[in-house]
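Structure first, commentary second.
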Amino acid sequence: MSVLTETVERIFKHLQQHRAEIAALLQPGLTIEEIQSQIKNLPFCLPQEVYELYQWRNGIDYSNISKIENFHFDISFIPGLDFLPLEEAIESSKEIEEFRDKYTSPEEENCHKLWFPIFSSDDLEYLILFGDSVSSQDSPIMHCHLGDGSLPQVKYPNLTTFMMVVAECYETNAYYIVEQSKYNYLSSYLAEDVKKVAEIERKYLSEQLEVVLKALSQPRALLENKIFDILHRFKDPRFIEPMIYALHLPLYEVNNEEENILIRIRAAIILGEIGDLRAVEPLMRALESRLKQDRGYSVANKTAEALRKLGDPRAIKSLKLFLQNNKQILPTFIPSPSWLERIALQEAREEAKWAIKELEKKNS
């Protein structure tokens, strides 16, 4: 038995024990002949891992859902995404080709590859493998949300690695069930603990992390969207020191004020996401000694947000000091030259007030 098959069996056993209704909806696997018959008209070859996955199970049996009385549970295989039956995946691949050019970038290399979705949601979100002119053993797994304007991103090197992450997320409760609330019509749904998921992904994607850590020796690396996305995703504690340095970056290390501000904004965001209390005092200093160049109050806004997320009561003093030192009132004459700046200040003040409220509530 291959690593992929062993891993999906681990997932299935967990589903049987904790989400029996989902395990029951997974259709039996297909034979090689059945798979080949269904994909024969595709204009590309699929990786061998796809064959192996669909020999294991053929996705969710949508036809049986309508027969379930009082159906109100989440059928996601992973949070937010369903495991598509092969026939549905084939249809979805055709639909994607019809409109993906409107939502993707011609400069992005992965936008020109042949896409085949395995997991999807109702709002055009997919996990996709790449087809090719010849058959290969595996393919990178790419996340794509065609409806939200974001560019496709490769998330995993292959299906096996992805399933190993999923299995561990189930087994460690990084994926967990949320019971019914008045805000959701489902009786329960699958959610994820983003910090636990990030910790598990760091374990399986260590090579990618090492590349990013090396790049962070230059704070300007934060200007690259791909680097920022990886930092946001993995939340590695080793990012703390480079982010603290970037938060207080001297202007002479970058080309202009705009770059300096963007680097500081992104550093504050990442420090808030990591959740390490070593970042509290550097964030407090950044808020207390706000840069004159931060005319849009963006650094102050994100710094206040990060302090709220960290939840340390020490930050209340700095947040109140920021409010005391920045008391401008919005002008009544809208075309005022300072109108946009004052709106930005108002937003930063609201973020600081929210942070104070949350911190005082948490520590009361």
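The values are calculated or read from the model by the stated rules, or taken from the named source; none is laboratory data. Just so it is clear, the structure is predicted and the values come from calculations on it, not from any experiment. Glycine gets a Cβ as well: all are built from the backbone with ideal geometry, and neighbour counts include every protein chain shown.
To keep it simple, each residue is scored yes or no on (1) modelled with pLDDT of 95 or more; (2) closer than 24 Å to Leu190 by Cα; (3) among the acidic types (Asp, Glu); (4) assigned to a strand (DSSP E or B).
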| site | (1), (2), (3), (4) |
| --- | --- |
| Leu53 | yes, yes, no, no |
| Ser63 | no, yes, no, no |
| Ser76 | no, yes, no, no |
| Lys94 | no, no, no, no |
| Asp101 | no, no, yes, no |
| Glu107 | no, no, yes, no |
| Gly131 | no, no, no, yes |
| Asp148 | no, yes, yes, no |
| Leu151 | no, no, no, no |
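Is it true that Val194 is modelled with pLDDT of 95 or more, under 16 Å from the mean Cα position of the chain (by Cα) and either within 30 Å of Val299 (Cβ to Cβ) or not assigned by TED's automatic domain parsing to the domain that holds Glu49 (or both)? Taking the combined requirement at face value, the residue satisfies it. When Asp123 is tested against the conditions (1) in the same structural domain as Ile274 (by TED's automatic domain parsing); (2) modelled with pLDDT under 95, the lone failure is (1). The set of residues in the range 285-316 being hydroxyl-bearing (Ser, Thr, Tyr), within 17 Å of Leu249 (Cβ to Cβ) and buried (at least 17 other Cβ atoms within 10 Å of the Cβ) consists of Ser298, Thr303.
Pairing residues of the range 196-211 that are free of Cβ contacts under 8 Å to residues at least 60 places away in the same chain with residues that are among the aliphatic types (A, V, I, L, M) and part of a helix (DSSP H, G or I), at Cβ distances under 7 Å and at least 6 apart in sequence or on separate chains, gives Ile200/Val165; Glu201/Val165; Arg202/Leu209; Tyr204/Met164; Tyr204/Val165; Gln208/Ile230. If you filter the range 11-44 down to residues that are of a type in the set (A, V, I, L, M) and exposed (fewer than 12 other Cβ atoms within 10 Å of the Cβ), you find that the one that is modelled with the highest pLDDT is Ile32. Only one entry of Ala344, Ala348, Ala355 meets the criterion of being within 28 Å of the chain's Cα centre (by Cα), in a helix (DSSP H, G or I), at pLDDT 95 or above and surrounded by 13 or more Cβ atoms within 10 Å (Cβ to Cβ), and that entry is Ala355.
Considering Ile261, Ile244, the condition of being surrounded by 18 or more Cβ atoms within 10 Å (Cβ to Cβ), closer than 26 Å to Leu205 by Cα and among the hydrophobic types (A, V, I, L, M, F, W, C) is satisfied by Ile244 alone. Of all the residues in the range 277-328, those that are of a type in the set (D, E, K, R), touching a helix residue (DSSP H, G or I) at 6+ places or on another chain (Cβ under 7 Å) and part of a helix (DSSP H, G or I) number 7.
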